[in-house]
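A.B. asks: One structure coming up, written as structure tokens, with questions to follow.
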Amino acid sequence: MVFILEDTINGILMGSIYGLTALGLTLIFGVLKVINFAHGSLLMVGMYVAYWAVTLSGAHPYLTLILVIPVMYLFGYYLQDIVIKPIFKAESEVREPITVIIVTTGVWYVLDNLTLLIFGPHYRTIQENPLRGKMLELGGMLISVPKLWGFSAAVLTAAAVYLFLQKTSMGRAIRATSLDREAASLMGIKQFKIYNIAFGIGTATAGIAAVTLVPFYNVFPTVGVLFDIKGFIIVVLGGLGSIGGAILGGMIIGVIESVGPQFMAATWAEGIVYGLFLLFLFVKPSGLFGVRYDW
Amino acid sequence: MAFLEISNIDVSYGDVQVIFDLSLKVYEGEVVSIIGGNGAGKSTLLKTISGLLHPQQGSISFEGKPIHVSPPEEIVNLGIVQIPEGRKLFTLMSVRDNLIVGGYNNRANRHIAQLMEEVYGLLPRLRERESQLAMTLSGGEQQMVAIGRGLMAKPKLLMLDEPSLGLAPILIRDIFETVRKIADQGTTVLLVEQDVKHSLSLSDRGYVLENGRIEIEGLAEALLENSHVKTAYLGA
Amino acid sequence: MTRENLQKAFLTLVLIIVFGLPLILRSPTYLHILVLLYLYAYLTTSWNLVGGFAGVLPLGHAAFFGIGAYTSTVLYVQYGVSPWFGMVLGGVLASITGVMIGLPTFKMRGAYFALATIAFGEGMRVMVENIDHLGPFNINGPRGLQIPPLNVGLANLMFTNKEPYYYIILVMLIAVLAVTYFISRSRLGYYLNAGGEEPEAAMSLGVNVARCKLIAMAMSSFLTALAGSFYAQFSLFIHPKSVISLDLSFEIAFIALIGGRGSIVGPVLGALLLRPVSDFSRIYFGATLPGLHLIIFGMVLILVMIYLPRGLQQPLTKAYNGLLNRLDRRSR
Amino acid sequence: MKKPIKEIGVCSAVLWVLTMALGAGSVCLAQDKVVKVGNIIPLSGPSASVGQQGKNAREMAVEEINAAGGIKSLGGAKLVMLYTDSESKPEKGVAEAERFINTEKVHVLTGCWNSAVTYPTTAVAERYGIPFIVPVSVADKITEQGFKTVFRIAAKDSWWTRDQFAFLRDMEKEFNAKLEKIAFVYENGDWGKGFAEQWKELAKKGDYKVVLDEPYPSTATDLSPIVQKIKRANPDVLLLVSNAADAILLTNTLADYRVKLKAIIGSGGGHADPSFLQAAGKNAQYLFDIVEWETDVNKPGAKEANEKFKSRYGYNLAGESVDAYLAMYVLADAMERAASLDPVKIREALATTNLGSGRGMIVGYDAVEFDKTGQNKHASLVMVQINDIGKGMERITVWPKNARRAGYQPVFPMP
Amino acid sequence: MAILELRNLIKAFGGLRAVDGLSLAIEEGQILGLIGPNGAGKSTAFNCIAGVYPPSSGEVYFCGEKTNNQKPWDLCRKGLARTFQIVKPFASKSLLYNVMVGSFSRTKKRSKAEEKALAVLKSLHLDVKKDMNSGNLTIADRKKLEIGRALATEPRLLLLDEVMAGLRPTEVDEMVAVIRNLRDSGITIFLIEHIMRAIMALSDRIVVIHYGKKICEGTPKEVADDERVIKAYLGEDYGVS
């Protein structure tokens, strides 16, 4: 039965990385109250940035965080500022403007296909990286080292984001804005700047996820789509807007995906994920951390 | 020179014009009441001063600086702070965090600890509730938090939008007493109210706003005796 | 002419044009494009019963489309049952599914509902991809089903020319527009709008909001499934990734939002803009710069939403009214 | 009754404008003597990689053909290529086929790589009687629909699977190894399912014990559960059908989990994608793959063609792109013989193709000749092994034995 | 006979008893006022009566029938209508549309619903604004619209939740007159209000609740003089002027 344990561990590790990819989604939803359908594409952009950073500099993949985090932050910041902000301005009286879904989907199409246009359809991996194929042996079990690092990154990032929101002045301002935009404005908080920052942070976390994926994963223009739907499921499972919920939701999905196929076809395990998701929505629609989408 | 001077503003909300050619002045250290029924444009007026809305016509200046095109955060930085109608607390944040966010602006954010002490001094109840989520408080306590949050912004001019709305008579008295104390400590207060009796009795001057226009203005005592005010607002 | 008459004249003109189009436009290519355009307008109009009137954002309608396509195809290919019958049966099955999925999901708000329906649609696709045989029916899992192009004729909803398909989908579109029009003026329409906007208030006024939404869902999924059967007979090949795809669900919603959600003419306008953009940009750029056409499509989505957040319907209606007024004045 | 009439009026105005635009667009251009070839391939979306390789290969072939004087029997008519993006979606493929045939008036169609797109698209061509050359789309069904206009260059999947097992048997004999337990792992699609069905038959006939029969979603983000399953089933031979992303992921994960197998056999597709070698690197060592063609094939011109291709596009020709390349020469040959742009004549010429030489014939087999169903009778396949013999990882032909690269000794079973 | 009767009604949210053992009755044709400090459970009680929440225990009788678990829409058809403390107009729709949603509860036919809605609007002097978007109305008109929508369902009992909050004194007087008219037309009224002037003037009887419990019931005069009420709610300096 050791294999169940092995699969569970793999599921938790991989799942936490899923959670990390979805962290920005839940954060952005928490503040802007919109689902960012372009989140997978942001992850993809992050993966390309990390890929090129490693390939061109030859540095350790994790070292590229120094570059990826600020680049992705700025990318998200200005994406929101230039593309999404006008929607909020045009629909200032709507709390959850559905039109943003369309706009972010438009961003998704543009980003994915721009990448295709620029970098071509090739699948890329970083051949020479010190993490490639590293496995940890633990009592007859094999545990992927890059996934283990991914797990640490997920937990640390979630904790960092949580602490940032709880303990810093900017974090409080973000929470305040998420709870009441108008009242926050009256406190001297610039609503749209907060949106930009939240979007930037969300995008930066996607960048962190990208860096943890790059050592063992392929990079190609449509890679984001693979994580997109998964991200939606994770954030609802964890409770939209809940930071810890995203990581936990990711782990649940990861464990199902990892342990499920040991008892059935992997394609059915995929079905189980959807089934469980729908079941969860019926039973506890507010997600695991059911404080109506807030921190 | 007037502290806050509003000259001939027109304000629209969507397609509907709400305020017509309105002018008013507030002098430093005063308590001024604006009274009028709902739909008269009181909240719209406060939102316009706060920069949430902008006038189509006319100007607003504060300490001599024009502010009618400034965004809300700049106006807060200048020292005009509004406590919005219906309190609008950050419900899922603690009382303490609500207060800290109140001191977010440039003028206040270096003095948070000191300001917090002052607020707790004025509203000792809040210290007891410090770590509770704002949503778990009673209506009166929530209004206290809203006032405390406004004071955290280190206001030169504090604007209150119907602080008594929806409160039991017994709590209304407490609220107005607090406002009185704030004014006594030297903060200029602009009060928008429907509870005419209470608000005018603690004010220096008052304006009566009807259908987006100032209909009557004058000293508070005079207004309390005004026959129109009496029939329309005091139910005499 | 009075305004009323002018409008009637306009309507007649439109009808003459759309019915006469195949006589002028002999090219099957353009008829094909138009058939798909009408199909999408039809689908979006059906979607609009839930997504527009009931005020939620369903993103899983491809599931119903797939149910329709699979039901009629399986019955026709394996049992020789006329697709017309399969179409109706598929509609009924889709209705039942729609109600079953609606029961729990309609309690959800906003984003949750949208995400739940995405999961429902994707879950349906995964299921079909995993099932080769469903009892006596051969669904053929991920490999799809092909309809042999034999026994052409109206009874089998299968033709060699595009024209019959054109007229059938046109009539279906007009019918579904009429249905929406009458619903929007009926008690159900009022109840749906009310329930979508302020459910609590609607309930207190005697509106069983959940039931109204379920009725709308049943109708919407029924109508969507009919289009699925039509599409299967039109393309003669169905495949889970094409008839139950997220892309399809999304495109329906895009068309609605771009056109103007909740209005009767919105879906038609949305289809009139988005379908040609998608088709012609692919034709002109798809081969030379791969992906450029999807960039263009994405840009159109972004720009329309930024400049016309209420969709095309609003300014166009205004312009049309202006035109009518001017004609009206001149004729007096 | 006021508002909806108004709204319908609005849409009428738009429709009117659109109609005008369409009408204007449908006016045909006067034609010179050219052979118009419509190519429907995935250029964006998940299969963009193979689609773009196919496009490049076609481009190169057509340039060569045109440079050599075009179709001489038609007075030097040039081949004119039209491409369109199917996005791997059947409905787009069908719409484009309609357009190519009716509006662009193409004489021949080719495509579509994804079987799901090829089925309905060939049906359109059949309806209009336009010849359709399928370079690659391996599902048996494509040439078994009774269509008269469909011609497939590549082998069909029953041949692929047949050869995979024949290879296995031969290797067992050659290396005197007995492999018994076999595992099937394949993408859950038309292609994978088709292979798996035939594998099952062949395994039964060949007396292999199937220890795992596992479809997986091609969009999976983590394949370690599948790898675990393989590891526990402990097969000797692993047969795979994978697209590029999952082929890379699977190969790397197999290495990560130190799964020891005696043979891994791919089925082209993802394993043959030029990205695969680059991305899987050392982990792909000793892996076998079945393909239509390999760079080291012993055919005149093959090496030159590959060099040229590589210098232009930066990667090697792969089996599937060679099929596309050859398809253009098959077409040119047929056009030469048809000496007409009439689709009926072209079809007839294609049906009587017997192309055994020429610049395009760089494939491993001797001739292209179509049977009644339109299937290339001679299409055959080779097995390659991925190994490093001093110049980095490369694909080395090992089977059939007469095609084996000189001096190469296959590694079997895998160490 | 009492048209509405609550017997020992309890509604708990988690551990908190918002309504704690409330009993009361309204006779047909009466106006009953319900007052109490914020958070005393007034709106919760309304929601239990109107079928929004099922009571945790106790009984609700409407027209002699136990209606504990009935849904708002069923109760509406039986003749119970209500307004909301925070007005909820269908903001993107016209006034006529808003009221027609109500009148559709008595007829399926559009023409009849429209006729009825127009009559109701007219009775509230809103008919001139019938095509206006209800989102653009003033508060006073929105409150009237809420009453209008409720009236269009032809209720026997009308629950009014703070319909006068936010109105000017003159508007309050108008509203008082409107409510009197309603009563005179035979509708029983149960009302929550903070504006003492109005509730004193209107109510036949008043019930005061505090922390979900009834602390006093009686005529306006009796209530205003009650020790407990003054302490909990009115404050020492309150005088019935």
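A.B. asks: Can you tell me which residue in segment D:149-173 is nearest to D:Glu320 (Cα to Cα), limited to those that are in contact with an Asp or Glu (Cβ under 8 Å, 6 or more places away or on another chain) and open to solvent by 10 Å² or more (accessible area, probe 1.4 Å)?
C.D. replies: So, considering only residues that are in contact with an Asp or Glu (Cβ under 8 Å, 6 or more places away or on another chain) and open to solvent by 10 Å² or more (accessible area, probe 1.4 Å), the one nearest to D:Glu320 (Cα to Cα) is D:Lys156.
A.B. asks: Quick check, is A:Pro215 under 19 Å from the mean Cα position of the chain (by Cα), assigned to a loop (DSSP other than H, G, I, E, B), farther than 19 Å from C:Phe120 by Cβ and more than 14 Å from chain C (Cβ to nearest Cβ)?
C.D. replies: When the stated conditions are applied, A:Pro215 passes them.
A.B. asks: Could you tell me which residue of segment D:174-215 is most open to solvent (accessible area, probe 1.4 Å), considering only residues that are acidic (Asp, Glu) and in contact (Cβ under 8 Å) with a residue 40 or more places away in the chain?
C.D. replies: Just the residues of segment D:174-215 that are acidic (Asp, Glu), to begin with: D:174, D:180, D:187, D:190, D:197, D:201, D:207, D:213-214.
If we keep only those that are in contact (Cβ under 8 Å) with a residue 40 or more places away in the chain as well, we get D:174, D:180, D:187, D:190.
Values: D:Glu174: 67, D:Glu180: 99, D:Glu187: 18, D:Asp190: 15 Å².
Among those residues, the one meeting the criterion is D:Glu180.
A.B. asks: Look through segment A:139-188, keep the residues that are aliphatic (A, V, I, L, M), touching a residue at least 24 places away in the same chain (Cβ under 8 Å) and within 13 Å of another protein chain (Cβ to nearest Cβ), and return whichever of them is nearest to D:Val259 (Cα to Cα).
C.D. replies: Residues of segment A:139-188 that are aliphatic (A, V, I, L, M), as a first pass: A:141-143, A:145, A:148, A:153-156, A:158-161, A:163, A:165, A:170, A:173-174, A:176, A:179, A:183-184, A:186-187.
Applying the additional criterion that residues be touching a residue at least 24 places away in the same chain (Cβ under 8 Å) yields A:141-143, A:148, A:153-155, A:158, A:161, A:165, A:170, A:174, A:179.
After this cut, where a residue has to be within 13 Å of another protein chain (Cβ to nearest Cβ) as well, the list is A:141-143, A:148, A:165, A:170, A:174, A:179.
Working: A:Met141: 13, A:Leu142: 11, A:Ile143: 14, A:Leu148: 20, A:Leu165: 45, A:Met170: 50, A:Ile174: 49, A:Leu179: 52 Å.
Looking at residues that are aliphatic (A, V, I, L, M), touching a residue at least 24 places away in the same chain (Cβ under 8 Å) and within 13 Å of another protein chain (Cβ to nearest Cβ), I get A:Leu142.
A.B. asks: Can C:Met172 be described as open to solvent by 10 Å² or more (accessible area, probe 1.4 Å) and within 10 Å of chain E (Cβ to nearest Cβ)? Even if it seems obvious, please write down each step before you answer.
C.D. replies: Numbers: open to solvent by 10 Å² or more (accessible area, probe 1.4 Å): yes; within 10 Å of chain E (Cβ to nearest Cβ): no.
It is false that C:Met172 is open to solvent by 10 Å² or more (accessible area, probe 1.4 Å) and within 10 Å of chain E (Cβ to nearest Cβ).
A.B. asks: Go through (1) surrounded by 16 or more Cβ atoms within 10 Å (Cβ to Cβ); (2) within 8 Å of another protein chain (Cβ to nearest Cβ); (3) touching a helix residue (DSSP H, G or I) at 6+ places or on another chain (Cβ under 6 Å) for A:Glu91 and report which single condition fails.
C.D. replies: For A:Glu91, the failing item is (3).
A.B. asks: Can you go through B:Asn98, B:Asn109, B:Asn105 and tell me which one is among the polar types (S, T, N, Q), crowded, with 20+ Cβ neighbours inside 10 Å and not in a helix (DSSP H, G or I)?
C.D. replies: Just one listed residue meets the conditions, B:Asn105.
A.B. asks: Further, regarding this structure: Output the residues belonging to segment C:248-261 that are under 14 Å from C:Leu49 (Cα atoms) and within 12 Å of chain D (Cβ to nearest Cβ).
C.D. replies: Residue satisfying the conditions is C:Gly260 alone.
A.B. asks: Just one of B:Ser70, B:Ser59 is in a loop (DSSP other than H, G, I, E, B) and more than 10 Å from every other protein chain (Cβ to nearest Cβ); which is it?
C.D. replies: B:Ser70
A.B. asks: Continuing with this model, one more query. Tell me, which residue of segment E:123-155 that is of a type in the set (Gly, Ala, Ser) and crowded, with 23+ Cβ neighbours inside 10 Å is modelled with the lowest pLDDT?
C.D. replies: Across segment E:123-155, the extreme among qualifying residues is E:Ser134.
A.B. asks: Let me ask something else. Residue by residue through segment A:117-146, note down the ones that are touching a helix residue (DSSP H, G or I) at 6+ places or on another chain (Cβ under 6 Å) and farther than 29 Å from A:Leu13 by Cβ.
C.D. replies: A:Pro121
A.B. asks: What are the residues in segment A:189-203 that are open to solvent by less than 10 Å² (accessible area, probe 1.4 Å) and more than 10 Å from every other protein chain (Cβ to nearest Cβ), if any?
C.D. replies: Residues of segment A:189-203 that are open to solvent by less than 10 Å² (accessible area, probe 1.4 Å), as a first pass: A:189, A:194-196, A:198-200, A:202-203.
Those that are open to solvent by less than 10 Å² (accessible area, probe 1.4 Å) and more than 10 Å from every other protein chain (Cβ to nearest Cβ): A:Ile194, A:Tyr195, A:Asn196, A:Ala198, A:Phe199, A:Gly200, A:Gly202, A:Thr203.
A.B. asks: Taking into account only those residues within segment D:82-110 that are free of Cβ contacts under 8 Å to residues at least 40 places away in the same chain and among the acidic types (Asp, Glu), which is farthest from the other protein chains (Cβ to nearest Cβ)?
C.D. replies: D:Glu91
A.B. asks: Only one residue in C:Asn151, C:Asn130 is buried (at least 20 other Cβ atoms within 10 Å of the Cβ) and free of Cβ contacts under 8 Å to residues at least 60 places away in the same chain, so which one is that?
C.D. replies: Among C:Asn151, C:Asn130, only C:Asn130 is buried (at least 20 other Cβ atoms within 10 Å of the Cβ) and free of Cβ contacts under 8 Å to residues at least 60 places away in the same chain.
A.B. asks: Please determine whether any residue of segment A:77-87 is under 13 Å from A:Thr203 (Cβ atoms) and polar (S, T, N, Q).
C.D. replies: yes
A.B. asks: To continue, here is another question. Within segment D:250-272, how many residues are at the interface with chain A (Cβ under 7 Å from one of its Cβ atoms) and open to solvent by less than 10 Å² (accessible area, probe 1.4 Å)?
C.D. replies: 1
For (1) out of contact with any Phe, Trp or Tyr (no Cβ under 7 Å at 6 or more places or on another chain); (2) assigned to a helix (DSSP H, G or I); (3) open to solvent by less than 10 Å² (accessible area, probe 1.4 Å); (4) modelled with pLDDT of 95 or more, each residue gets a yes or a no:
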| site | (1), (2), (3), (4) |
| --- | --- |
| A:Phe37 | no, no, yes, no |
| A:Ser41 | no, yes, yes, yes |
| A:Met44 | yes, yes, yes, yes |
| A:Leu56 | yes, yes, no, no |
| A:Leu63 | yes, yes, no, no |
| A:Ile69 | yes, yes, no, yes |
| A:Tyr73 | yes, yes, no, yes |
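A.B. asks: Of D:Lys377, D:Lys310, D:Lys345, which residue is without any contact (Cβ under 8 Å) to a residue 12 or more places away in the chain and within 18 Å of the chain's Cα centre (by Cα)?
C.D. replies: D:Lys377
A.B. asks: Let me ask you something else. Identify, from the list B:Leu24, B:Leu78, B:Leu52, B:Leu92, the residue that is open to solvent by less than 20 Å² (accessible area, probe 1.4 Å), on the phi < 0 side of the Ramachandran plot and modelled with pLDDT under 95. Let's see the steps before the verdict.
C.D. replies: Values: B:Leu78 fails: open to solvent by less than 20 Å² (accessible area, probe 1.4 Å); B:Leu52 fails: open to solvent by less than 20 Å² (accessible area, probe 1.4 Å); B:Leu92 fails: open to solvent by less than 20 Å² (accessible area, probe 1.4 Å).
On inspection, the qualifying residue turns out to be B:Leu24.
A.B. asks: If a residue has to be closer than 29 Å to A:Ile98 by Cα, open to solvent by 10 Å² or more (accessible area, probe 1.4 Å) and part of a helix (DSSP H, G or I) to count, how many in segment C:55-92 make the cut?
C.D. replies: The number of residues fulfilling the criteria is 1.
A.B. asks: Could you run through segment D:56-75 and say how many residues are in a helix (DSSP H, G or I), buried (at least 19 other Cβ atoms within 10 Å of the Cβ) and of a type in the set (A, V, I, L, M, F, W, C)?
C.D. replies: 5
A.B. asks: Which pairs turn up if I take residues in segment C:70-85 that are on the phi > 0 side of the Ramachandran plot and look for partners that are open to solvent by 40 Å² or more (accessible area, probe 1.4 Å) and not small (Gly, Ala, Ser) with beta carbon separation below 9 Å, at least 6 apart in sequence or on another chain?
C.D. replies: Short answer, once both residue conditions are applied: C:Gly80/C:Asn151.
A.B. asks: So C:Ser263 ticks every box in (1) in a loop (DSSP other than H, G, I, E, B); (2) under 24 Å from C:Tyr167 (Cβ atoms) but one. Which box is left unticked?
C.D. replies: (2) is the only condition that C:Ser263 fails.
A.B. asks: Given the structure, is E:Phe90 among the aromatic types (Phe, Trp, Tyr), within 14 Å of chain B (Cβ to nearest Cβ) and either open to solvent by less than 40 Å² (accessible area, probe 1.4 Å) or part of a loop (DSSP other than H, G, I, E, B) (or both)?
C.D. replies: Working: among the aromatic types (Phe, Trp, Tyr): yes; within 14 Å of chain B (Cβ to nearest Cβ): no; either open to solvent by less than 40 Å² (accessible area, probe 1.4 Å) or part of a loop (DSSP other than H, G, I, E, B) (or both): yes.
The answer is no for E:Phe90.
The values are calculated or read from the model by the stated rules, or taken from the named source; none is laboratory data. These figures come from a predicted structure and were not determined experimentally. Please note: Cβ atoms are built from the backbone with ideal geometry, for glycine as well, and neighbour counts cover all protein chains shown. In case anyone asks, the SASA skips ligands and DNA or RNA and just uses the protein heavy atoms, side chains included. Shrake-Rupley method; radii C 1.70, N 1.55, O 1.52, S 1.80 Å.
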